[in-house]
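Report on one structure; see the data block that follows.
The values are calculated or read from the model by the stated rules, or taken from the named source; none is laboratory data. A quick note: this is a predicted structure, and the numbers were derived from the prediction, not measured. FYI the Cβ positions are ideal-geometry reconstructions off the backbone, even for glycines, and counts take in every protein chain you see. When the accessible area is computed, the model is the full protein with side chains, heavy atoms only, and any ligands, DNA or RNA have been set aside. Shrake-Rupley method; radii C 1.70, N 1.55, O 1.52, S 1.80 Å.
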Amino acid sequence: MKDGSKINGLFLFLFVMIGVLLGGVLAEMLRSVIPSMAKSVSLGLTPPATLNLYIMDITFGFDFRFNLGSALGATAGFILGRKVL
C-alpha cells in the first residue's frame, strides 16, 4: 500500500468526522424548526465502567449520539472528501 493512500484515507475520515460534527450541531440548531432532524440514537457505555485499584479509580465510558443531521453531514463529508482528494 502506498503512503499516499494512507494519507488520503486519513483525510477522508477527517472529512467524514467533520461532517458528522457539523451535521449534528446544525440539527440541534434547527430542532425547533424541524423536530425530526434532532431525534437521536445513543450508543455507548451507560453507566460508565469503573475500575477500583485501591489507590485510584479509573472510569471508562463513551457515548455516541447519531441523528439525521449527523448522517447527512457524514454523507456530505464523504462526497466532498472524495471530490477534493
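Annotations
- The criterion of at least 2 residues that are under 29 Å from LYS83 (Cα atoms) and at pLDDT below 90 is met, among strands (runs of 3 or more DSSP E) falling completely within segment 12-72, by 63-67.
- Scanning segment 58-85 for residues that are open to solvent by less than 100 Å² (accessible area, probe 1.4 Å) and not hydrophobic (A, V, I, L, M, F, W, C) yields THR59, GLY61, ASP63, ASN67, GLY69, SER70, GLY73, THR75, GLY77, GLY81.
- Considered as a group, the residues in segment 28-75 that are of a type in the set (D, E, K, R) and within 18 Å of the chain's Cα centre (by Cα) include one that is farthest from PHE13 (Cα to Cα), and that residue is LYS39.
- Yes/no for LYS39 being open to solvent by 100 Å² or more (accessible area, probe 1.4 Å), of a type in the set (D, E, K, R), within 14 Å of ALA27 (Cβ to Cβ) and free of Cβ contacts under 8 Å to residues at least 40 places away in the same chain: yes
- Filter result for ILE7 (surrounded by fewer than 16 Cβ atoms within 10 Å (Cβ to Cβ) and of a type in the set (Val, Ile, Thr)): yes
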